[in-house]
Amino acid sequence: MPNINDVAKLAGVSPSTAKRAITRPEQLTPQTLEKVMQAVRELQYEPDLTASALRKGKNNTIGLLVADILEPFFAELAREIGRALRNSGYGLLLADNEYHSEVELNNLRHLAGQRVSALIMRPSYGPGNREYLLKMQDKGTYIIEVDHHMPDSPFDYLMLDHEQCVRMGLEHLWNLGHTRIAGLGLHDPEKYPEWRAYHFQKLMQERGLNIPDAYQKLLPYSEQDAYEFTRELLALPDPPTAIFAFNGSEAIGAHRAIEDAGWVIPHQISLIAFDNYPWTARVKPGIDVIEQPIQKMADMLVKQVLDSISGRHVPMQRLLPGNLIVRGSCSSPR
């Protein structure tokens, strides 16, 4: 089996230069790096990443801890991050926390055991794992949060501007004449501190619009929970004229519930949702959605991570705007 000395000999460089091509490719000129990588390909050389990690205290792997790997938003984000990392010399290690801090801690321990150089994470709900994360940071792992960030968190973050997006969705509905609007979820600072539900309640109150108790329910952002709550809303004596789904999974559940109840969108009820999933453009009418800039988010995260690992860290606290796509699922109430 070829070793790093064989790679160096074939490439015509020193063993230390060959090692840098594997571990710190950004330190080499493109010409030198290409010579070494050509030798790696010819010899089919595979470095011992575990041994390297033990020597350095970290390896050329970025950890990505998402909330739910089945949610298309996180799946697409993972794919785009993987693509952005492809030519950087770093690999990607993926896990999810299912929004639970206990699951998160278990996966954090595995990621820390792999000596990841950086961690991109969507924090869980519940008590959290701040103490463990700070230990990882103290040992040299750069940490940045995505999609969700609490004001007292010490870590960098990059996420959607939830307030701007909720306001944009509500103004779309208000301009059509809607006042009886139900959001699929509630903000709870302890159990479910979701910013979209928080801003929905806040902006409705600022508008002077009452949210009936029957329109409010604490529920996970899941398809089935959204389905069941939407069926409850439609069965009310005074149902909402519009429903706001706070993520793509909720949108699927709400759409199913509306169809199963025999209601017609948008003639009997309007539906607006976060996340521009492919199905939202294929149903008739298409769903009005708030699109997240996933590729831009991934590119910015990868650049921030690589810069920070290389000693060029600049603090990041960024909110990215969303984009409203109108397809016809919302109209004036009748």
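Among residues that are surrounded by fewer than 23 Cβ atoms within 10 Å (Cβ to Cβ) and more than 17 Å from Glu76 (Cβ to Cβ), Ser329 is not included.
Selection within the stretch 121-147: residues that are over 25 Å from Leu160 (Cα atoms) and touching a residue at least 24 places away in the same chain (Cβ under 8 Å). The member of this set that is surrounded by the most Cβ atoms within 10 Å (Cβ to Cβ) is Met136.
Looking only at the stretch 183-231, residues that are in a helix (DSSP H, G or I) and touching a Pro at 6+ places or on another chain (Cβ under 8 Å) come to 1 in all. Within the stretch 98-133, how many residues turn out to be under 16 Å from the mean Cα position of the chain (by Cα) and at pLDDT below 95? Selection size over the stretch 98-133: 5.
Taking the condition outside the structural domain of Glu250 (by TED's automatic domain parsing) and within 17 Å of the chain's Cα centre (by Cα), does Met136 pass? Give the steps one after another, and end with the answer.
Details: outside the structural domain of Glu250 (by TED's automatic domain parsing): yes; within 17 Å of the chain's Cα centre (by Cα): no.
The answer is no for Met136.
In this structure, does Gly322 turn out to be touching a residue at least 24 places away in the same chain (Cβ under 8 Å) and under 23 Å from the mean Cα position of the chain (by Cα)? Break it down stepwise before answering.
On the way: touching a residue at least 24 places away in the same chain (Cβ under 8 Å): yes; under 23 Å from the mean Cα position of the chain (by Cα): yes.
Yes.
Taking the stretch 209-247 as the range and being closer than 30 Å to Ser124 by Cβ, small (Gly, Ala, Ser), buried (at least 16 other Cβ atoms within 10 Å of the Cβ) and at pLDDT 95 or above as the test, the residues that pass are Ala226, Ala245. Taking the criterion of being assigned to a helix (DSSP H, G or I) and hydroxyl-bearing (Ser, Thr, Tyr), the residues of the stretch 1-35 that qualify are Ser16, Thr17, Thr23, Thr32. Restricting Arg231, Arg196, Arg180 to those that are touching a helix residue (DSSP H, G or I) at 6+ places or on another chain (Cβ under 7 Å) and either aromatic (Phe, Trp, Tyr) or under 20 Å from Ile265 (Cβ atoms) (or both) reduces the list to Arg231. Under the condition of being in contact with a Gly (Cβ under 7 Å, 6 or more places away or on another chain), on the phi > 0 side of the Ramachandran plot and free of Cβ contacts under 8 Å to residues at least 60 places away in the same chain, the residues counted in the stretch 95-120 number 0. State whether one or more residues within the stretch 203-214 are closer than 27 Å to Pro72 by Cα and in contact with a helix residue (DSSP H, G or I) (Cβ under 9 Å, 6 or more places away or on another chain). Looking for residues that are closer than 27 Å to Pro72 by Cα and in contact with a helix residue (DSSP H, G or I) (Cβ under 9 Å, 6 or more places away or on another chain), one finds none in the stretch 203-214, hence no. Scan (1) closer than 24 Å to Ala197 by Cα; (2) among the small types (Gly, Ala, Ser); (3) under 14 Å from the mean Cα position of the chain (by Cα) for the single condition Ala298 breaks and write down its number. Single failed check for Ala298: (1). Of all residues in the stretch 232-251, those that are over 23 Å from the mean Cα position of the chain (by Cα) and assigned to a loop (DSSP other than H, G, I, E, B) total 7.
For every residue, the table says whether it meets (1) hydrophobic (A, V, I, L, M, F, W, C); (2) under 21 Å from Gly177 (Cβ atoms); (3) surrounded by fewer than 21 Cβ atoms within 10 Å (Cβ to Cβ); (4) touching a residue at least 12 places away in the same chain (Cβ under 8 Å).
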| site | (1), (2), (3), (4) |
| --- | --- |
| Ile258 | yes, yes, no, yes |
| Phe274 | yes, no, no, yes |
| Trp279 | yes, no, yes, yes |
| Arg282 | no, no, yes, no |
| Pro285 | no, yes, yes, yes |
| Pro293 | no, no, yes, yes |
| Arg318 | no, no, yes, yes |
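The values are calculated or read from the model by the stated rules, or taken from the named source; none is laboratory data. Values in this document were obtained by computation on a predicted structure and should not be read as measured data. Neighbour counts are summed over all protein chains in view; Cβ atoms, including those assigned to glycine, are modelled from backbone coordinates with ideal geometry.
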